[in-house]
Amino acid sequence: MNTTAKPSVLVTGGAGYIGSHAVLALRDAGWPVAVIDNLTTGFKFAVPDDVPLYEGDIEDGKLLARIFAEQGTKAIMHFAGSIIVPESVENPMKYYHNNTAKSRALIDAAVKAGVPHFIFSSTAATYGVPEVEAVTEDTPQRPINPYGWSKLMTEQMLSDTAFAHDFNFCALRYFNVAGADPQARSGQSTAGATHLIKVAVEAALGKREHVAVFGTDYDTPDGTGVRDYIHVSDLAAAHVLALGALMEQPERSLTMNCGYGSGFSVLDVLDAVDRVTNRTIDRRMEPRRAGDPGSLISDPSRIRSTVPWEPKHADLDEIIGHALQWERKLGEIRGE
């Protein structure tokens with residue numbers, strides 16, 4: 001597909017962590033792109049100056065209609081939402097509003113405006129506690145927290161919408177996203193973030209006094225939770241490829257896992273951060289958090305056989321190095 005044929009893409013939550021990397025990946029590949037973000041957890045500095053930023057909410061149908069008209073939007077990448085599992089257990093209605101009800105409003109606006117392609121930022125949390133070593137897309141979806149349910153409900157809405165309308169979608173189920181843009185153009189910027197690698201890098205730089213290890217009695221080799229960590233730039237690249245696949249076969253919708261197919265425990269990650277930073281992080285052992293499974297590792301066979309996705313940053317030390325580079329730059333941006 002040549003650059004002139006590429007239609008405009010609206011990225012929701014494009015001032016946030018993963019959304020901002022998708023914006024960079026789209027721009028780098030020559031796609032016209034615009035962003036809508038209410039900036040509750042996003043940052044204006046994460047959106048490049050030449051990308052239109054609409055400050056507003058995705059449940060604002062009038063604003064969406066105006067954006068679609070002004071930008072000639074033909075595809076949506078939907079990242080806007082709430083993502084903290086323990087918070088979803090404590091405040092489920094927030095998650096069913098932000099992740100499900102607002103997604104319904106966005107999908108409805110897309111159908112009304114004739115926007116035919118939709119890529120959804122879903123999650124491996126829809127699988128709950130899988131009974132298999134590596135999770136495929138056909139593994140039963142049994143969420144164990146409101147966060148996972150809120151995303152699964154949106155997947156169902158997309159499936160029903162694609163059946164009823166001239167509309168196709170790709171649901172990308174993320175595993176544990178980490179790292180930052182290799183050129184340090186963006187990264188995880190949220191204060192009080194709960195992503196392990198972000199937290200550990202902050203601790204290594206003296207921004208936190210310690211790192212809490214939640215759960216040491218899981219049925220895993222060292223008792224701590226095991227996760228499939230995927231570099232955010234590899235994840236963003238998967239979105240661009242998925243968009244191309246949707247446009248090439250508009251009658252087909254896709255659901256694909258985004259992970260590397262291998263896992264690291266919490267202690268593995270902390271050991272790697274110690275190694276990369278040449279510092280020793282203070283670790284505090286804490287009880288399990290509500291809604292956390294012991295192990296979650298992807299089987300990425302489907303995405304690899306569907307689109308030409310070749311991860312470039314699948315090394316844990318590299319992921320940590322990029323996160324560290326961004327954390328230092330973020331300190332400069334904020335004058336810390």
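The values are calculated or read from the model by the stated rules, or taken from the named source; none is laboratory data. The model shown is predicted, which means the values in this text are computed figures rather than measured ones. Note that each Cβ is placed from the backbone with ideal geometry, even for glycine, and that neighbours are counted across all protein chains shown. When the accessible area is computed, the model is the full protein with side chains, heavy atoms only, and any ligands, DNA or RNA have been set aside. Shrake-Rupley method; radii C 1.70, N 1.55, O 1.52, S 1.80 Å.
Return the long-range amide H neighbours of ALA171 (sequence gap of 5 or more, or a different chain), with a cut-off of under 5 Å between placed amide H atoms.
Here the answer is PHE120, LEU254, THR255, MET256, since their amide H atoms fall under 5 Å of that of ALA171.
Could you give the size of the charge dipole of region 24-100 about its Cα centre, using +1 on the Cβ of each K and R and -1 on the Cβ of each D and E, expressed in debye and rounded to the nearest 20? Don't skip to the answer; put the middle values down first.
Details: 6 positive and 11 negative charges, 40 e Å.
The calculation lands at about 200 debye.
Quick one: Karplus J couplings for region 263-279, per residue in order, coefficients 6.51, -1.76, 1.60, θ = phi - 60°, nearest Hz, x for Gly and Pro?
Couplings: x, 10, 7, 4, 5, 4, 5, 5, 4, 5, 5, 4, 5, 5, 8, 6, 9 Hz.
How far, in nm, would the chain grow between LEU39 and ARG334 when pulled straight, counting 0.36 nm per residue and subtracting the alpha carbon separation?
Full extension from LEU39 to ARG334 adds 104.5 nm.
Magnitude of the Cβ-charge dipole of region 21-165, K/R +1 and D/E -1, about the Cα centre, nearest 20 debye?
Computed charge dipole of region 21-165: roughly 360 debye.
Please give the peptides 321-333, 234-246 ranked by average Cβ packing (other Cβ atoms within 10 Å per residue), highest first, as a rough proxy for protection. Spell out each step's value before the answer.
Numbers: 321-333: 18.5, 234-246: 22.7.
Highest mean packing first, the order is 234-246, 321-333.
Looking at region 184-336 from every direction and averaging, what is the projected area of its Cα convex hull in nm²?
Hull-based average projected area comes out at 10.4 nm².
From the helices alone, meaning DSSP H stretches of at least four residues, give me the mean residue ellipticity at 222 nm for the chain, per-run term -39500 (n - 2.57), in deg cm²/dmol to the nearest 500.
Working: 11 runs with 126 residues, N = 336.
For the chain, the value works out to -11500 deg cm²/dmol.
Starting from 0 in steps of 10 Å, tell me what percent of the Cα-Cα pairs of region 95-187 lands in each bin.
With a bin width of 10 Å, the distribution comes to 15, 40, 30, 14, 0.
Calculate how many DSSP beta bridges within the chain are antiparallel, expressed in % of all such bridges and rounded to the nearest 5.
5 percent
For the cross-link pairs LYS6/LYS207; LYS62/LYS94; LYS207/LYS312, which exceed 31 Å when the distance is taken from alpha carbon to alpha carbon? Intermediate results must be reported in sequence, preceding the final value.
Values: LYS6/LYS207 42 Å; LYS62/LYS94 23 Å; LYS207/LYS312 29 Å.
The answer is LYS6/LYS207.
Write down the Å³ per residue value for the convex hull defined by the alpha carbon atoms of the chain.
Dividing the Cα hull volume of the chain by its residue count gives 123 Å³.
Just the accessible area per residue of region 239-279, please: how many Å² with a 1.4 Å probe?
40 Å²
So between ARG275 and THR216, what do we pick up on full extension, going 0.36 nm a residue minus the alpha carbon distance?
Stretched out fully, the ARG275 to THR216 stretch lengthens by 19.1 nm.
Compute the signed sum of charges (Lys and Arg +1, Asp and Glu -1) over the other residues within less than 14 Å, Cβ to Cβ, of PRO311.
Summing Lys/Arg as +1 and Asp/Glu as -1 gives -3.
Of the accessible area of region 88-232, with the probe set at 1.4 angstrom, what percent is carbon plus sulfur?
Its accessible area is 51 percent carbon and sulfur atoms.
Give, rounded to the nearest 20 debye, the magnitude of the charge dipole that the chain has about its Cα centre when Lys and Arg contribute +1 at Cβ and Asp and Glu contribute -1 at Cβ.
Dipole about the Cα centre, nearest 20: 640 debye.
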